[in-house]
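Throughout, read-outs are computed from the coordinates displayed, never taken from laboratory work. None of the values given here were measured: they were computed from a predicted structure. Cβ: placed from backbone, ideal geometry, glycine included. Neighbour counts: every protein chain shown.
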Amino acid sequence: MQRLLSELSWELSVLSRSVRYPNLSSAAAHVAISQPQLSRIISRLERELGISLLDRGSRRNSSWTPLAFRMAECFVKSARNLESEIQHLIGKTQLSHVRIGSLEGLVPLAMNFVHHLLSSTTIKVAELDVHDLNHLEELFLKGELNLIFTSREPGKRKFRFSRVLGTQSLDKIEKPGSFEVLSSFEFGAGALAEGPKQGAKAQRILVSNSLAVRKNWLSTYGGKGMLPSEVRRSRNASSSSEKIVFLVAADILPESLWKELTSFRF
């Protein structure tokens, strides 16, 4: 299969560009390939891989199947990772596009950092996405993120590029209101530890994985909840309620760029 996919790399690259358009005819007009040639390329992919990339049931123009979009996405991700690996191997220091992940509570810090990247380094495009902790670590370890803002170093090994930025605490918010406001993680942990609450006096609970929703709820309707503080510059947690905040980069990041990033201050 690996050999087959390498033989089909050009066809897959054509597919990755073609799925941006709704059908074969519009794709052919934009990818500099005639429609018959594009049709043959797609047919070869379908034949060699035993999959269906076009829904040919429509009366007019055939449309792409969901699998076609997933195949294209996989190819683009692989191409990005290959580009980064090659840059690392040949010692290329000019990186222009980075993918950054952050916990939602660290977004202000991450935005400050992205502004520094775009203003002071060779980076031209910075993608910044928000994830929960488990998904953030999963994407980073799979090589789909170049840099992450996190409350712990992912995995079990020490990363080559890792920097402590400061600490952050979870602050207890108590405002008038009969609600308890929890993150999905807090609710899951509490439900496992305490079991379901019974009786007429059971607390009314809002559960949301969105920090913005929890903040706005407490501000608008009141209640009790825990919200992350701003990141402080101290490098060591001084209490059990504080977490250390890390900036971690993939090992394939050019060392010269990492050195530039160490000048980042917030």
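Tabulated data for the structure shown
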{"read-out": "Charge context of VAL125, other residues only, Cβ under 12 angstrom, K/R +1, D/E -1", "value": "+2"}
{"read-out": "Fewest-first sequence of MET226, MET71, MET111 by Cβ atoms within 10 Å of each Cβ", "value": "MET111, MET226, MET71"}
{"read-out": "Rg(Cα)/(2.2 N^0.38 Å) for the stretch 2-76, N = residue count", "value": "1.00"}
{"read-out": "Proximal charge balance of ILE33 [Cβ under 15 Å; K/R count +1, D/E count -1]", "value": "+3"}
{"read-out": "Chain lengthening between SER120 and ARG47 when straightened (0.36 nm per residue, less Cα-Cα)", "value": "21.4 nm"}
{"read-out": "Karplus-derived HN-Hα couplings along the stretch 8-16 (A = 6.51, B = -1.76, C = 1.60, θ = phi - 60°), whole Hz, x at Gly and Pro", "value": "9, 4, 5, 4, 5, 5, 5, 4, 4"}
{"read-out": "Cβ-defined net charge surrounding GLU104, 13 Å radius [Lys, Arg +1; Asp, Glu -1]", "value": "0"}
{"read-out": "Radius ratio Rg over Rh of the stretch 89-175, counting only Cα atoms, Kirkwood formula for Rh", "value": "1.00"}
{"read-out": "Low-density loop cleavage sites - GluC sites (Glu not before Pro) in the stretch 115-167, where at most 16 other Cβ are within 10 Å (DSSP)", "value": "GLU144"}
